[in-house]
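The structure appears below as structure tokens.
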Amino acid sequence: MFRFFRERKSVRFLLISAVLTSAALAAAFISAAAAQMGEYDLASVSSKVALALALGIVLYVVPRLARNFRLEYLRVYRAIHVPPAGLIFGALALMVMVAAFSTGNNLLYLVLAALIATWVVSWGASRLTLSRVGVTLRFPDHIFAGEPAELEVTLVNQKRLLPSFSLTVAVTEGGGERPPGGQLAELAHFAVVPGGGEGRARLERSFARRGVYPVRGFTMSTRFPFGFVERRRLVEANGEIVVYPSPQPLDDFYHLLPMTQGQMESPARGMGSDLYAIRQYLPSDHPRHVDWKATAKTARLMVREFTRDDDWRVTVALDTQPSAAADFAAGFERAVTLAASLITHLMAEGAELRLLAGREDLGFGHSPAHRYAMLRQLARLAPEAAEAAPDGGGETAWGLLERLPALVSDDQFKILITPAARGSIPAVVWRSAHVVYFEDL
């Protein structure tokens, strides 16, 4: 019903605008014809009617057109945009044109010619300002959600002599469309870029959410020199900004987890630090392992053997299977943040870490590059499509092990973050994992 009334209102506005415009033009032609025939009274009345109708067009039609144009240009890319100042200028030029045609006054013709020349100069200068100008965007390799990141926008003017004035740079998401808002809608404004030179602008942007922000192109716009015409130019690009989830401080309980399954002493011999045994020296032993006290007591050359320290390996598993919970989306984001926090904490403690999330397994690692690779994986992570178990039931142990088979492939310690219901975790996972449920986050 609302759409029906809106369409009727648009049709009525179109009819009224057409009637006013036709009446104004007809009155102007009648005034000109009457002046040629010597009917000066009729010419005077017709000219006044034409001016009144032109004023009605300015007051009734132009404001509504300005609103419609603004909404349309927010949705669809156009090379030329007419701002409200340009619409008012065009309405004044229309009034002068109607008055000149109806009165035949040479001074009004001169004023009309000056107005048209101003419009043409504005159009040509804005086009010349945008020609042969390139844009680049530089940003840090690692950006975390909620933290300010320094971006650098560079404009390169390839014209040798002519500068470019009043340029605004914005990011597009594809097809020339400007994003409706957010951190990357408008980047910077450059007052002047000299010929053959470049302009740089550094700015800080904070991304509220983790994820991937596509950069499909840049829109350069200018209203130089008078502000009556805004000309735009699209520069295509192909890139993206990856924003990592921001690690948060962990509860005290998570700081105790390495004590339960940390770097464990092995009963086998190796290159550890704890004493395993003392035995007689062999030619293959290193002299630094000689135990001189035992050698003095036994009158034979004795060496020390040490236990082997097993590597501290931890697997962080994030179950991406969606659930029917009302707040699943918010819980999923909290789970991603917890996974990022665990990765940061455990790697700072010296653990070799592996992330199981979705279908990608990056393996174990402890280098900073491996950490950023896991954070990049979390930045792109999204819930998977729901899949039913073969027996047609709901969430079962079969479903969890099918999605994350690595949970039972080894006996390394694991931290499982899952939206599964309590009691659905199989015992084989409980033996070597600490389980965190979404509803507890």
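The values are calculated or read from the model by the stated rules, or taken from the named source; none is laboratory data. This is a predicted model, so every value here is computed, not measured. Positions of Cβ are generated from backbone atoms using ideal geometry, with glycine treated the same way; all protein chains shown enter the neighbour counts.
Here T320 clears all of (1) part of a strand (DSSP E or B); (2) crowded, with 19+ Cβ neighbours inside 10 Å; (3) at pLDDT below 85 except the condition numbered (1).
Within the range 120-143, the set of residues being over 17 Å from G217 (Cβ atoms), of a type in the set (A, V, I, L, M) and either surrounded by fewer than 19 Cβ atoms within 10 Å (Cβ to Cβ) or assigned by TED's automatic domain parsing to the domain that holds A93 (or both) comprises V120, V121, A125, L128. Apart from one condition, E439 fits all of (1) surrounded by fewer than 19 Cβ atoms within 10 Å (Cβ to Cβ); (2) assigned to a helix (DSSP H, G or I); (3) modelled with pLDDT under 85; (4) touching a Ser or Thr at 6+ places or on another chain (Cβ under 8 Å); the exception is (4). Of the strands (runs of 3 or more DSSP E) lying entirely inside the range 176-239, the ones with 2 or more residues being at pLDDT 85 or above and either assigned by TED's automatic domain parsing to the domain that holds R380 or touching a helix residue (DSSP H, G or I) at 6+ places or on another chain (Cβ under 7 Å) (or both) are found at 211-222.
With respect to the conditions (1) outside the structural domain of V192 (by TED's automatic domain parsing); (2) in contact (Cβ under 8 Å) with a residue 12 or more places away in the chain, G146 lacks only one, and its number is (1).
Of the residues making up the range 100-110, not a single one is of a type in the set (V, I, T), buried (at least 20 other Cβ atoms within 10 Å of the Cβ) and within 37 Å of the chain's Cα centre (by Cα). Filtering S46, S22 for residues that are of a type in the set (S, T, Y), at pLDDT 70 or above, loosely packed, with under 14 Cβ neighbours inside 10 Å and assigned to a helix (DSSP H, G or I) leaves a single hit, S22. Does the range 321-340 contain any residue that is closer than 17 Å to Q412 by Cα and not polar (S, T, N, Q)? Looking through the range 321-340, none of the residues is closer than 17 Å to Q412 by Cα and not polar (S, T, N, Q). Across the range 330-368, the number of residues qualifying as outside any helix (DSSP H, G or I), within 22 Å of F438 (Cα to Cα) and of a type in the set (A, V, I, L, M) comes to 4. For the range 240-256, filtering for residues that are modelled with pLDDT under 85 and acidic (D, E) leaves 2. Does the range 370-379 contain any residue that is assigned to a loop (DSSP other than H, G, I, E, B) and modelled with pLDDT of 75 or more? No. In the range 166-173, the condition of being of a type in the set (S, T, N, Q), under 20 Å from the mean Cα position of the chain (by Cα) and modelled with pLDDT of 85 or more is met by at least one residue. Looking only at residues of the range 25-43 that are loosely packed, with under 15 Cβ neighbours inside 10 Å and small (G, A, S), we find that the one that is nearest to M97 (Cα to Cα) is A26.
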